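Asks: Below you will find the structure I want to go over with you.
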């Protein structure tokens, strides 16, 4: 009896495990291949070049020779030298200028040289008030 139960149990076990595994492939050498959707590549815009860090300084022109400009700073009396990106025409030695520049390979490259306009000093005046009659003397 136990032998018959063992045979039934073994055959039932084989039947159930074969059913769970699914159907056998018809050709085991070729695997199933899922069709792949073609990928659509969107055009990528080129990255803009990195922004330059511009610095500004003001001072008095001490030397102007060809592509070089030397100024003396107003506050610290420090002398700075710049290489001009393009020649300047409206600046002469002794003029007060404002220079916008970048530092490239250890050199100061002047991007913009602007003559500083002299600003007249404003004199502070006392605020004027409307004429108020003086109070009458008391008796």
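The values are calculated or read from the model by the stated rules, or taken from the named source; none is laboratory data. Here the structure is a predicted model, which is why all the values come from computation and not from measurement. When we count neighbours, we look across all protein chains shown, and the Cβ atoms used for this are built from the backbone with ideal geometry, even at glycine.
Asks: What about residue 53, is it at pLDDT 85 or above, exposed (fewer than 10 other Cβ atoms within 10 Å of the Cβ) and touching a strand residue (DSSP E or B) at 6+ places or on another chain (Cβ under 8 Å)?
Replies: Criteria met by residue 53.
Asks: What about residue 66, is it loosely packed, with under 10 Cβ neighbours inside 10 Å, modelled with pLDDT of 90 or more and on the phi > 0 side of the Ramachandran plot?
Replies: no
Residue-wise test of (1) modelled with pLDDT of 90 or more; (2) surrounded by 13 or more Cβ atoms within 10 Å (Cβ to Cβ); (3) within 20 Å of residue 63 (Cβ to Cβ).
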| site | (1), (2), (3) |
| --- | --- |
| 84 | yes, yes, yes |
| 92 | yes, no, yes |
| 98 | yes, yes, yes |
| 107 | yes, no, yes |
| 123 | no, no, no |
| 129 | no, no, no |
| 132 | no, no, no |
| 137 | no, no, no |
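Asks: To continue, here is another question. Going by the structure shown, is residue 43 modelled with pLDDT of 75 or more and over 30 Å from residue 74 (Cβ atoms)?
Replies: For residue 43, the condition - modelled with pLDDT of 75 or more and over 30 Å from residue 74 (Cβ atoms) - is met.
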